[in-house]
Structures are given as C-alpha cells and as structure tokens.
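Asker: Can you read through this structure? Questions will come right after.
Computed from the coordinates by the stated procedures, all read-outs in this text should not be read as laboratory data. The shown structure was predicted, so the numbers you read here are calculated from the model rather than taken from an experiment. Counting neighbours? That spans all protein chains shown, and the Cβs are built from the backbone with ideal geometry, glycine included.
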Amino acid sequence: MQNWLLPEYIQDMLPEEAWRVEQMRVQILDLLRKSGYQLVAPPLLEYAESLLIADSADMDLRTFKLVDQLSGRTLALRADITPQVARIDAHLLNRQGVARLCYAGSVLHTQPAGLNRTRELLQIGAELYGHSGLESDLEIQQLMLQSLVMLGIQDVHLDLGHVGVFRALVKQAQLNKNLENELFAALQVKDSTMLQTLLQALDEDLRRVFLVLPTLYGNCEEVLARARKLLPEDAEISAALDDLQAVSVKLQPFVASVGIDLADLRGYHYHSGMVFAAYHTGSHDAIALGGRYDDLGKSFGRARAATGFSMDLRQLYRLLPVQAVRPAIRAPYQDDVALTAAIAGLRAAGEIVVADLPGSAVSLSEPQCDRELVWRADAWQIIAL
C-alpha cells in the first residue's frame, strides 16, 4: 500500500493555493466584520441529530457518521455549517433582536459535491437572524455579491427562486410526503417525463401547473409575467412573486444579470422563502448559494427568521487568474545585531526575507529570491541578483 495516497476526491492544498485561499478568507471575513457580522467557529464534529436537520435525506446521505467511544452515541462530521450557526444563535447567544454571524471552516461530504469533484469544501458564509423582511434578504445577497467582486470574480449571473411557490402548490394538491419528495427530485433536474408520470393521479389543472414550473426560468420580467398568468391565484404565490420582482430590481446594479428559476428548490428541506444562486462561466456549478430558512431553528427549540449565504473558497480559487509570485530577499546566516535589525525592518515593511542556513543555501525559486542582503559601505544593503 502506498501510504502517501489520499482518499478519492480529497486533495492537499499546495503553497500557491493555500496562501491564496487564506488571503481570500481574510478578505471576506474582514468585509463581514466591517458590516457588523461576528465570527463563530463551531466544531467539525457533533452528535448526528444536531447536524441531520429537517429530515433531509440528502443531508443524511452526504454526512459521514461514526460512533463516539466516550458516550456510545452516533457522531457526524459536518456537511454544512449553517445548522451549527443556527444552533449557536438559538441556544448559546439566545438574542432577542437581530444577530449577524459569520464563519469559515472545512465541511466533508461522503460523495463529491457537484462537478468540482471534491469531498472537502472550505465553506465561508454569513447568516442574519431575527428579521423577516426583504431588507435582510437584500443585505445577505449584496454581501455575497460584494465578496465575489472583491475577490476579482466579475460577470456573475444571479438566479433567484422561491420555495414558497412549490410549497403553496403542494398544499393545494394535498400531496403526501413521498410524492412531494419525488416531485422535488424531478424538479431539481427539470425531468418533465418523470413529472408527468408522478402527476398522473392529479386532476388536469394541477397537473398542468406542476408541469409548467420547470419552464419558468430565465429573464426576470418575462418569467414573472408568465408565472402570474399560468400559476393559480393564491396569496402565498402572489407574495412570493412580488418579493422576487422587488429584489430582482434592487440587485441589478450588483451583477451582470439576474434571472428567475421557480424550479430551483435547492435546500428545499430547510429553506422557507427566497433562495438564490450565483453562477460564472468558469464553473459548471453555482459558485455561491443562499436563502431564507425561518423554520430551521425549530430543530433546536427556537424558530427564528433567518437568511444567509455560503460559498466554497477552493471552488472560487479556481476562477481567479494566476497570481504573480511575490519575490523575496535572500539574507546570509550571521550572528550580527545589525543584520538581525535589517531583516526585522524589512519584514515589518512587508518584505519576504529568507535566511540561509549553515551549509545549505536558500533556493532561488522557493520562494523566488530576486535580491539579497550584503554588507557594503559599513551597512547591510539590498542588491539585485
């Protein structure tokens, strides 16, 4: 056995990626800090029942589980940090007003996530609790888009959806849970043939409405106009469409384009309202996701209005242009007070200074040294190599 091999779809981060990803993490967290978000750091491991929320079969399948040697209970490695932050808001902070929280950490999936072919994501995100209005949805969406622009990711397309439309139709049709889940799965892949099979028992009007959902995506104005015409009159559906129209107008200045997708039910098992996903031509999958999940806190005994976003830093890294290697200064190894002071001064000014070790000269490529410190004219001076 070659003990240097990693499990499938698990990768090391080498220096270039690791440094860049860390820089991205700091940039986004700094933006969130300046916007009033407080950092939390939940553990990688929890009791399984705390992480497997909302009876989500998808969450259960992608979560690693093991037995705790101390308690005998089942533990799980987190596949998503959002439920952990909801637990912190519900019990540890227990605030009555608005709470803004952010986080960054690894999550593990049993299967590769999407087409990026990895099982370990470096998730970063923000959650806003205690406000149910569109203003908090907009704040979260704008912060997500500002984060992408700040990293240098341009020409982002944003898709908006609303799980309230599907929930209202399910309620009207009085569907059982099994059929609801099967319809949800078919809508996620826009499988019209499967939808027709599943809907055979419904009356013609309801069947027509469900079949039109996968076609309601694209340009905001056109989709919303068609939705108002084709979907049944219902207070919940009308409110959802009104919210989508209002938000789409507000977000126009922040993205290259905004679209509507009423069949996008990503996170349906715990999202309760508007959902959104950012896309870029450099990625087959969404590069950032989010939505409203007012009911998630029920799992922890305290429901709170909530909305948030998350993204995978390793996925975003692959969209960035190659960064030029920052050159370093080579320094000799000497027990010299003046040399020590010169090196300290250069590092304080932001320079990379790498000292030779006795018997082993510094490589000129790791990191790249294009200058060196030499003793000239009674002073340590920098000269080009």
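Asker: Given contacts defined as C-alpha pairs under 8 Å and at least six residues apart, what's the relative contact order of the range 328-384, whole-number percent?
Answerer: On the way: 74 pairs, mean separation 24.5, N = 57.
So the answer I get is 43 percent.
Asker: Helix 337-348 versus the longest principal axis of the chain: what is the Cα-based angle in degrees, 0 to 90, to the nearest 10?
Answerer: Approximately 20 degrees, to the nearest 10.
Asker: Note the angle between two axes, namely the Cα long axis of helix 220-230 and the longest principal axis of the Cα atoms of the chain, as a number of degrees from 0 to 90, rounded to the nearest 10.
Answerer: 20 degrees
Asker: Just report the Cα centroid separation between the range 201-228 and the range 51-104, whole Å.
Answerer: After rounding, the separation between the Cα centres reads 35 Å.
Asker: Taking only C-alpha pairs under 8 Å that are 6+ residues apart, what is the relative contact order of the chain in percent? Present the calculation step by step, with values, prior to reporting the outcome.
Answerer: Numbers: 619 pairs, mean separation 65.7, N = 385.
Relative contact order for the chain comes out at 17 percent.
Asker: On to the next question. Normalised radius of gyration for the range 191-259, please: alpha carbon Rg relative to 2.2 N^0.38 Å, two decimal places.
Answerer: Working: Rg = 14.2 Å, N = 69, 2.2 N^0.38 = 11.0 Å.
Taking the Cα Rg and dividing by 2.2 N^0.38 Å, one obtains 1.29.
Asker: Please go through the range 199-292 and write out the GluC sites (Glu not before Pro) that DSSP classes as loop and that have at most 13 other C-beta atoms within 10 Å.
Answerer: Details: sites: Glu204, Glu221, Glu222, Glu233, Glu236; in loops: Glu233.
Those satisfying the criteria are Glu233.
Asker: Right, something else. Only Cα pairs under 8 Å and at least 6 apart count here; give the relative contact order of the range 1-137 as a rounded whole percent.
Answerer: Numbers: 172 pairs, mean separation 34.7, N = 137.
Result for the range 1-137 is 25 percent.
Asker: Between beta-carbons, use under 13 Å as the cut-off and find the net charge around Gly152, counting Lys and Arg +1, Asp and Glu -1.
Answerer: Working: positive: Arg20, Arg318; negative: Asp155.
Neighbour charge sum, excluding Gly152 itself: +1.
Asker: Please give, to one decimal in nm, the separation of the simple spin-label points placed at Asp234 and Asn181, each 7 Å out from Cα toward the Cβ.
Answerer: 2.1 nm
Asker: So, R0 is 25 Å and r is the distance between the beta-carbons of Asp58 and Arg117; what FRET efficiency does that work out to, to 0.05? Each step should come with its number before you reach the end.
Answerer: Details: r = 18 Å, r/R0 = 0.73.
The pair Asp58/Arg117 has a calculated efficiency of 0.85.
Asker: If you don't mind, there's one more thing I want to ask. So what's the back-of-envelope 222 nm ellipticity for the chain, counting only DSSP H runs of four-plus at -39500 (n - 2.57) apiece and dividing by all residues, rounded to 500?
Answerer: Values: 13 runs with 137 residues, N = 385.
Roughly -10500 deg cm²/dmol at 222 nm, from the helical runs in the chain.
Asker: What net charge is computed for the residues neighbouring Val209, neighbours being all others with C-beta under 14 Å from the C-beta of Val209, Lys and Arg scored +1, Asp and Glu -1? Don't jump to the answer; show the numbers that get you there.
Answerer: Numbers: positive: Arg167, Lys171, Arg207, Arg208, Arg226, Arg228, Lys229; negative: Asp203, Glu204, Asp205, Glu233, Asp234, Glu236.
With Lys, Arg at +1 and Asp, Glu at -1, the neighbours total +1.
Asker: Please provide three numbers in whole Å: the alpha-carbon extents of the chain along the principal axes, with the largest listed first.
Answerer: 93, 53, 47
Asker: Give the peptides 370-377, 100-107 in descending order of average Cβ contacts within 10 Å, highest first. Don't skip to the end; give the middle numbers.
Answerer: Values: 370-377: 14.0, 100-107: 20.4.
Listed from highest to lowest mean packing, they are 100-107, 370-377.
Asker: Evaluate the distance, in nm, between pseudo-label points positioned 7 Å from the Cα of Ala225 and of Ala18 along their respective Cα→Cβ axes.
Answerer: Result: 5.5 nm between the two label points.
Asker: Around Ala288, which amide H atoms from residues at least 5 apart in sequence, or from another chain, sit under 5 Å from its own amide H, with H modelled in the peptide plane?
Answerer: Amide H neighbours of Ala288: Ala278.
Asker: When a/c is below 1.5 the answer is rounded, else prolate if a/b is larger than b/c, else oblate, so apply that to the range 216-310 with a ≥ b ≥ c taken from the square roots of the Cα gyration tensor eigenvalues. Walk me through the intermediate numbers first.
Answerer: On the way: a/c = 1.95, a/b = 1.17, b/c = 1.67.
Oblate is the answer for the range 216-310, as a/c is 1.5 or above yet b/c matches or exceeds a/b.
Asker: Stretched out fully, how many nm does the piece from Thr340 to Leu45 gain, at 0.36 nm a residue minus the Cα gap?
Answerer: Working: separation 295, 0.36 × 295 = 106.20 nm, distance 4.40 nm.
Value of the extension gain: 101.8 nm.
Asker: Measure nothing fancy, just the Cα-based angle from helix 177-188's long axis to the longest principal axis of the chain, in degrees from 0 to 90, nearest 10.
Answerer: Helix 177-188 sits at roughly 60 degrees to that axis.
Asker: Turning to a different aspect of this structure: Would you mind getting me the FRET efficiency between Trp4 and Lys34? Use the beta-carbon distance for r and R0 = 45 Å, nearest 0.05.
Answerer: Working: r = 42 Å, r/R0 = 0.94.
With a Förster radius of 45 Å, E is 0.60.
Asker: Determine the alpha carbon to alpha carbon distance for each of Lys34/Lys190; Lys177/Lys229; Lys229/Lys298; Lys65/Lys171 and list only those over 31 Å.
Answerer: On the way: Lys34/Lys190 40 Å; Lys177/Lys229 28 Å; Lys229/Lys298 35 Å; Lys65/Lys171 34 Å.
Distance filter (> 31 Å) returns Lys34/Lys190; Lys229/Lys298; Lys65/Lys171.
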